[in-house]
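Q: Sharing a structure, written as structure tokens. Questions coming.
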Amino acid sequence: AKHNDKNGFRFYQEGMRSELLDSKFLEQRMRQAFEKNQFVLYYQPQAEMATKKVIGFEALLRWHDPEEGFILPSSFIPTAERTGLIIRLGKWVLNEACRQCKDWQTFYGSNIRISVNVSVIQFLDPAFVSQVREALEKCGLAPSSLELEITESISMLHEESCLRKLDEIKSLGVRLSLDDFGTGFSSLGCLVKYAVDAIKIDKSFTQSIQSNYKNAFILESVLSLAHLLDLEVIAEGVETEMQYSFYLGLSCDFFQGYYQAPPLSAAESSEWLRKNMA
Ligand code: C2E
Ligand code: CA
Ligand code: CA
Ligand code: CA
């Protein structure tokens, strides 16, 4: 069935046309869509906790199919990863996001950052580090303006080569953040091991505060530990005033979520910047 989610997208869930779920068919459709430039980036503002001032955006991929409408990443990223298409797609995301950020910086100031999600498959690609370097060089974006979001699933890799690669990426001067923090199992260990600059508290964790007060205690200690380790903390999925106040009270550094803004088109993001950077 078609739904209208909070972002106003038509998207398909369980009722999605069965051919779309057929992965061979989906793979073919995705390759064609890629050739036809049907992938677009949406951008969700990230803001400083205390002031609500925008610090940057997270780039979020959408597939704009002329018939189906906007298709969300959960419907196609797994297939893109399984087929390896994520490598080309991810490279495109990286270039497009950097270009867009550079564009915004020209108009609204060089402090604006861009965060890009990196699939573990992409991370594994031997060409990944040079792709990041090239994306930055191509548009002249300062490395410190780019943040790469990795997940702890990279820890399924051979540890030594994984840490070496993270160091290599760090030495480009880009920022690294650990995405979906709180959903896995080795989370706290990751904090010390990986050279990340920030952790992103997963939205399911944010949403769990109301239903289980013990999660509030866990978050409180995660935040103080993160700060002790000199890590910044970004709260994800902040939808309500209550959730915002909760994180504000814990001296969380940044937040993103519907409370501030949903993911926006490039044009809407520029408009949003114009209104919020005054
Ligand atoms: P994520 O990295 O955890 O991204 C945050 C997701 O939460 C986004 O879903 C965003 O639209 C949604 N969101 C934002 N604010 C709120 C809120 O207040 N409440 C709730 N309930 N949700 C909120 P989206 O855009 O559907 O992306 C889903 C996932 O797909 C992302 O999760 C990320 O893991 C992956 N993804 C998105 N773009 C890319 C990409 O370019 N490359 C790769 N490899 N993965 C991507
Ligand atoms: Ca993310
Ligand atoms: Ca996340
Ligand atoms: Ca996620």
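Each value in this text was obtained by applying a stated rule to the coordinates, not by laboratory testing. As the structure is a computational prediction, the values presented were derived from the model and not from experiment. Counting neighbours? That spans all protein chains shown, and the Cβs are built from the backbone with ideal geometry, glycine included.
Q: If N is the number of residues in the stretch 109-233, what value comes out of its Cα radius of gyration divided by 2.2 N^0.38 Å?
A: For the stretch 109-233, the normalised Cα radius of gyration comes out at 1.12.
Q: Related question: May I ask for the net charge around Ala266, where only other residues with Cβ less than 12 Å from the Cβ of Ala266 are counted and Lys, Arg are +1 while Asp, Glu are -1?
A: That works out to -2.
Q: Rounded, prolate or oblate, given the Cα gyration tensor of the chain, with a/c below 1.5 counting as rounded?
A: It comes out rounded by the Cα gyration axes.
Q: What GluC sites (Glu not before Pro) in the stretch 122-180 are in a loop by DSSP, with at most 10 other Cβ atoms within 10 Å of the Cβ?
A: Sparse-neighbourhood loop GluC sites (Glu not before Pro): none present.
Q: Something else about it: Quick one: net charge of Gly173's neighbours, Cβ under 15 Å, K/R +1, D/E -1?
A: That sum, taken over residues with Cβ under 15 Å, equals -2.
Q: Give me the net charge of Gln122's neighbourhood, meaning all other residues with Cβ under 11 Å from the Cβ of Gln122; Lys, Arg count +1, Asp, Glu -1.
A: That works out to 0.
Q: Right, something else. Report, in debye and to the nearest 20, how large the dipole of the stretch 211-278 comes out about its Cα centre when Lys and Arg carry +1 and Asp and Glu carry -1 on their Cβ.
A: About 100 debye.
Q: Right, here's the next one. Would you list Thr83, Thr151 from fewest to most Cβ contacts within 10 Å?
A: Exposure proxy ranking, most exposed first: Thr83, Thr151.
Q: Something else about it: Return Asp167, Asp180, Asp125 ranked ascending by Cβ neighbour count within 10 Å, so the fewest neighbours appear first.
A: Starting with the residue having the fewest Cβ neighbours, the order is Asp167, Asp125, Asp180.
Q: Given 4 °C and 1.567 mPa s, how large is the Stokes-Einstein diffusion coefficient of the stretch 148-220 in µm²/s, with Rh as the Kirkwood radius over Cα pairs?
A: 98 µm²/s
Q: Next question, about the same structure. Counting other beta carbons within 10 Å of each Cβ, put Ser265, Ser155 in order, fewest first.
A: Ser265, Ser155
Q: Oh, and also: Using DSSP H assignments, which helices in the chain have an axial alpha-carbon span of 20 Å or above and a mean Kyte-Doolittle hydropathy of -0.5 or higher?
A: 85-108, 213-228
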